[in-house]
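S.K.: Dumping the structure here so I can ask a few things about it.
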């Protein structure tokens, strides 16, 4: 018998001063049994970092040909394709041909190796944005993951500040290519 997904209710107060986005993001997110809490946290951070009105979580891991998040136009075209983690560069290149914009929140313990191997190939993709976050920052957030997640996020001068319970965390946003 397959294990069910774990459901998380989220409430994110977003103040993205760099982009002029001020929103309350309330959503329900499912964590597939094969997904780590680190990846769940990274998906939620990507939701805030790349937030726009029509951005939605997809079936992700359950459906290999979909990104983690996307926004589509009224005609069904993909306007923004968002990946999380360290995907194969071919996946991002293919997405860049079918979506208006592609974004990657690159994170994971093997990020330095991934960058050395794949960054040169991806640097030529003109509609691709790659952001990286410190893995230690994500690990610290995982320690606070509960079924009900409440975050206050402020992004200013390419730094992400996150208030969770009584703890304040911060990390620089490192834009490797493109613009957020």
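The values are calculated or read from the model by the stated rules, or taken from the named source; none is laboratory data. Fair warning: this is a prediction, and the values are worked out from it, not measured in the lab. Don't worry about glycine lacking a Cβ; one is built from the backbone with ideal geometry, like all the others, and counts go over all protein chains shown.
S.K.: Name the single residue, out of those in the stretch 56-88 being buried (at least 19 other Cβ atoms within 10 Å of the Cβ) and more than 11 Å from the chain's Cα centre (by Cα), that is modelled with the lowest pLDDT.
M.R.: 60
S.K.: I would also like to ask the following. Looking at this structure, is residue 120 surrounded by fewer than 18 Cβ atoms within 10 Å (Cβ to Cβ), within 17 Å of residue 44 (Cβ to Cβ) and free of Cβ contacts under 8 Å to residues at least 12 places away in the same chain?
M.R.: The answer is no for residue 120.
S.K.: Moving on. For residue 155, are the conditions met, namely being surrounded by 12 or more Cβ atoms within 10 Å (Cβ to Cβ), touching a residue at least 60 places away in the same chain (Cβ under 8 Å), assigned to a strand (DSSP E or B) and at negative phi?
M.R.: yes
S.K.: How do the pairs read when you match residues in the stretch 101-112 that are touching a residue at least 24 places away in the same chain (Cβ under 8 Å) with residues anywhere that are surrounded by fewer than 19 Cβ atoms within 10 Å (Cβ to Cβ) and assigned to a strand (DSSP E or B), using Cβ under 7 Å and keeping only pairs 6 or more apart or on different chains?
M.R.: Listed pairs, sorted by first residue: 101/79.
S.K.: Here are 149, 164: which of them is more than 18 Å from residue 111 (Cβ to Cβ), surrounded by 16 or more Cβ atoms within 10 Å (Cβ to Cβ), in contact with a strand residue (DSSP E or B) (Cβ under 8 Å, 6 or more places away or on another chain) and modelled with pLDDT of 95 or more?
M.R.: The match here is 149.
S.K.: Let me ask you something else. How many residues, within the stretch 158-173, are over 17 Å from residue 51 (Cα atoms) and assigned to a strand (DSSP E or B)?
M.R.: Qualifying residue count, the stretch 158-173: 8.
S.K.: Additional query: Mind counting the residues in the stretch 1-42 that are without any contact (Cβ under 8 Å) to a residue 24 or more places away in the chain, over 20 Å from residue 58 (Cβ atoms) and in a loop (DSSP other than H, G, I, E, B)?
M.R.: Going through the stretch 1-42 one residue at a time, the tally reaches 2.
S.K.: May I ask you to list the residues in the stretch 65-108 that are assigned to a loop (DSSP other than H, G, I, E, B) and more than 14 Å from residue 44 (Cα to Cα)?
M.R.: Across the stretch 65-108, the qualifying residues are 65, 66, 73, 74, 75, 76, 77, 86, 87, 88, 108.
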